[in-house]
Amino acid sequence: GLHTKPKLRIDVRPGLVVALTIPLVLAITFLFMRVLDISLHKISLGALIIALGLLVDDAIIAVEMMVRKMEEGLSRFEAATFAYTSTAMPMLTGTLITAAGFLPIGLAKSAAGEYTFTMFSVNALALLISWVAAVVFTPYIGYILLRVKPHAQGESSHDVFDSPAYERFRRLVTWCVEWRKTTIALSLGVFALGVFGFSFIEKQFFPDSSRPELMVEMWSPEGSSFAANEAVVKRFEAFLKQQQGVQSVTSYVGTGSPRFYLPLDQIFPQSNVSQLVVLPVDAQARDALRIKIEEAFRNGFPEVRGRVKLLPNGPPVAYPVQFQVIGPSIGVVRQVADGVKEVMRANPNTVGVNDNWNEAVKVLRLDLDQDKLRALGVTSQAVRRVINTTLTGTPVGQFRETNRLIDIVVRQPIEERSTISRLSEALVPTTGGAAVPIGQVARVAFVWEPGVVWREGREWAIMVQSDVVEGIQGPTVTAQVDQQLATIRAGLPAGYRVTVEGAAADSSDAEASIMANVPLVLFIVFTLLMLQLHSFSRALLVFLTGPLGIAGAAMALLVFGRPFGFVANLGVIALFGMIIRNSVILVDQIEQDIAGGAEALDAIVEAAVRRCRPILLTAAAAALAMIPLSRSVFWGPMAVAIMGGLLVATALTLLFLPALYAAWFRVKKPVGTKTE
């Protein structure tokens, strides 16, 4: 602690007591993670870093109470027991409320919820263990290590709060309480600005991974042969070998890469697709190589639809921008999908617009004349057998080679099956023992048809999709295109629809799974407040301070230019519990002072002054724990949101909550005080 009497000095012992709590809590947390089979991976490791800033809160509150009581003249033993009896239950309520802030993650029924479940489980474990340590271990270590001198004779127990800094803060709180309506109005204005500020923040599902691999997709026209596909891949491999910074290249022709990474988006086997895994030497080489590959696709490989992307960080999404056209008629669905593609191409932020039906392919079609077939005694099955023998071949036997059986296939020479006129001359046997050319009983022609079709709920479904330009998020572009599709939607026949898919839809589904559990969490939090404060009005008062962090979160995300993604959304939800935790401690202190005989107005001001130090310390500890995460691509937006939310919410808790308490319970101002 910082002491000014008899001279300026810093006592490291209180900080040492708190620091010793950290390895103990982490060790027990690791033990329970082992027992509960919680692995140490990206999500659980990030959760531990978040917990690192939260698990010291209870220890800070307990140590601060011990130091203050020892300054007031209590012995070490009396101060330790007082810290337990006065703070144990409020700290437990605050700890459970903070853990409840992560509960929507644990109960979410979605792929994203399953992916981030350990954020809830690890934080809940660490918080509950930290409370046990704070009420058992921390007072004992404080009893051994703390050496705080009591006040000199003649000093009151409040002299520690009579320093110039505390006096200035006391005057500020007094002003806020006296001008309570102005304070409440300003606080609500800040909250409204925060809500409004979220409309200017880009949305995001999950960011790309920082792994070095580049995933390169090469789509030849639908119907391309495996040999043609392989030839293009070999040319591309030769191009990559000439580039600097390439460590290795692994090619998969006719299929996608096996799932070597959990969130990898799988590509089904097709003769016209190939995927390459390019491993650069470092991140700088990766970024430079990505630009060169995109340039090569534009200029050197016009026959393929090339795409290069990074590995995802969360549940896989095929394309950042996707719209699905669904309906009962294949022709109408195709026509509407083409219109959607034109709208997407007109948007300057889309790149590589395509659909999952790919290009139409040329196929050979035989239209059989059933009247002639019956007149000549030819069956449809006989025509199909002849066509199959001519084009594909018919097995007539097997050849055994060691332990393998190889089919012996009979079919026409290549020069006969590659010409449509020769196919018309192929002979079909009749039931009378004669033979007639196919051209007499069928019309042979080439037609165009979809090479691959997809259905959704027994209806035809085309997914129109695209990438986005660098520096903008998929949900942002999706929102732009979705507005421009209003004209197409207005003209759709009955039974047809255009739905939003891709990152925007997956993000909405994930957020919906989180928000579905928020009412339960609010009920749990309010129940805990009722059990602690024994008053509906006081519980509701504390409850209303929970959303104050929204303003700071929006401000921080805007200032640092971070998107508001799924992980950042989890941070904002968790802020609710962190903020209420501080409010519980402050309101509980006010109630204790009023019960001790203090005037209501004095109790409000002095409680804010006395709880200022622990509230600031706990908020600072949580914010400082976010600094290592703030540079992370995955955790950065959440860390920035929590730091900004705690900064603003802590200030509002210490100023807005006293004013709200005074207005809520109509605490009268002293006689002669200037009124609004």
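The values are calculated or read from the model by the stated rules, or taken from the named source; none is laboratory data. The structure displayed is predicted, hence computed values, not measured ones. All Cβ positions, glycine included, derive from the backbone under ideal geometry; neighbour counts span all protein chains shown.
For the stretch 307-363, the tally of residues that are of a type in the set (A, V, I, L, M, F, W, C) and part of a strand (DSSP E or B) stands at 11. Those helices (runs of 4 or more DSSP H) of the stretch 1-120 in which at least 1 residues are under 28 Å from the mean Cα position of the chain (by Cα), modelled with pLDDT under 85 and surrounded by fewer than 17 Cβ atoms within 10 Å (Cβ to Cβ), considering only elements entirely within it, cover 42-54, 111-115. The set of residues in the stretch 162-176 that are closer than 16 Å to ARG610 by Cα, of a type outside the set (Ser, Thr, Tyr) and buried (at least 18 other Cβ atoms within 10 Å of the Cβ) comprises PHE169, VAL173.
Taking the conditions exactly as written (within 24 Å of ASN123 (Cβ to Cβ), of a type in the set (Gly, Ala, Ser) and touching a Phe, Trp or Tyr at 6+ places or on another chain (Cβ under 7 Å)), does GLY565 satisfy them or not? Yes: the conditions hold for GLY565. Restricted to the stretch 337-363, and to residues that are among the β-branched types (Val, Ile, Thr) and more than 32 Å from the chain's Cα centre (by Cα), which residue is surrounded by the fewest Cβ atoms within 10 Å (Cβ to Cβ)? Filtering first and then ranking leaves VAL363. Pairs meeting the criteria (first residue in the stretch 368-380 and in contact (Cβ under 8 Å) with a residue 40 or more places away in the chain and closer than 12 Å to THR430 by Cα, second residue among the polar types (S, T, N, Q) and assigned to a loop (DSSP other than H, G, I, E, B), beta carbons under 6 Å, at least 6 apart or on different chains) are LEU376/THR430; GLY377/THR430; GLY377/THR431; VAL378/THR430.
Scoring LEU366 on the criteria (1) surrounded by 18 or more Cβ atoms within 10 Å (Cβ to Cβ); (2) assigned to a strand (DSSP E or B) leaves a single failure, condition (1).
Taking helices (runs of 4 or more DSSP H) as the structural unit, those lying wholly within the stretch 533-637 and holding at least 2 residues that are at negative phi and among the acidic types (Asp, Glu) correspond to 566-595, 600-610.
Does at least one position in the stretch 501-518 carry a residue that is more than 30 Å from PRO320 (Cβ to Cβ), of a type outside the set (Lys, Arg) and touching a residue at least 24 places away in the same chain (Cβ under 8 Å)? Looking for residues that are more than 30 Å from PRO320 (Cβ to Cβ), of a type outside the set (Lys, Arg) and touching a residue at least 24 places away in the same chain (Cβ under 8 Å), one finds none in the stretch 501-518, hence no. Listed by first and then second residue, the pairs linking a residue in the stretch 614-640 that is over 18 Å from LEU55 (Cβ atoms) and touching a residue at least 12 places away in the same chain (Cβ under 8 Å) to a residue that is of a type in the set (S, T, N, Q) and in a helix (DSSP H, G or I), with Cβ atoms under 6 Å apart and 6 or more places separating them unless they lie on different chains, are GLY636/SER630; VAL640/SER630.
Scanning the stretch 188-233 for residues that are of a type in the set (Asp, Glu) and in a strand (DSSP E or B), we see that the one that is surrounded by the most Cβ atoms within 10 Å (Cβ to Cβ) is GLU217.
The number of residues in the stretch 160-187 that are part of a helix (DSSP H, G or I), in contact (Cβ under 8 Å) with a residue 60 or more places away in the chain and farther than 16 Å from THR545 by Cβ comes to 10. Given (1) small (Gly, Ala, Ser); (2) part of a loop (DSSP other than H, G, I, E, B); (3) without any contact (Cβ under 8 Å) to a residue 12 or more places away in the chain, where does GLY432 come up short, assuming only one miss? Here GLY432 meets the rest and fails (3). Kindly establish whether ILE438 is of a type outside the set (Ser, Thr, Tyr), surrounded by 16 or more Cβ atoms within 10 Å (Cβ to Cβ) and modelled with pLDDT of 90 or more. No, not satisfied.
Pairing each residue of the stretch 198-209 that is acidic (Asp, Glu) with any residue that is assigned to a loop (DSSP other than H, G, I, E, B), provided the two are 6+ apart or on different chains, yields C-beta distances under 6 Å for GLU202/GLN473; GLU202/PRO563. Checking the stated criteria, LEU364 turns out to be at pLDDT below 90 and touching a Phe, Trp or Tyr at 6+ places or on another chain (Cβ under 7 Å).
Considering only residues of the stretch 309-336 that are among the small types (Gly, Ala, Ser) and surrounded by 18 or more Cβ atoms within 10 Å (Cβ to Cβ), which is farthest from ALA360 (Cα to Cα)? Among them, the one singled out is GLY314. Residues in the stretch 572-586 that are in contact with a Phe, Trp or Tyr (Cβ under 9 Å, 6 or more places away or on another chain) and closer than 18 Å to ALA641 by Cα were compared, and the one that is surrounded by the fewest Cβ atoms within 10 Å (Cβ to Cβ) is ILE573.
Counting residues in the stretch 555-569 that are crowded, with 24+ Cβ neighbours inside 10 Å, within 28 Å of TYR661 (Cα to Cα) and not small (Gly, Ala, Ser) gives zero. Taking ALA375, is it at pLDDT 85 or above, small (Gly, Ala, Ser) and out of contact with any strand residue (DSSP E or B) (no Cβ under 9 Å at 6 or more places or on another chain)? Yes, satisfied.
The residue list GLN242, GLN270, GLN247 contains one member that is exposed (fewer than 11 other Cβ atoms within 10 Å of the Cβ) and either more than 19 Å from ARG211 (Cβ to Cβ) or out of contact with any Ser or Thr (no Cβ under 9 Å at 6 or more places or on another chain) (or both), which is GLN242.
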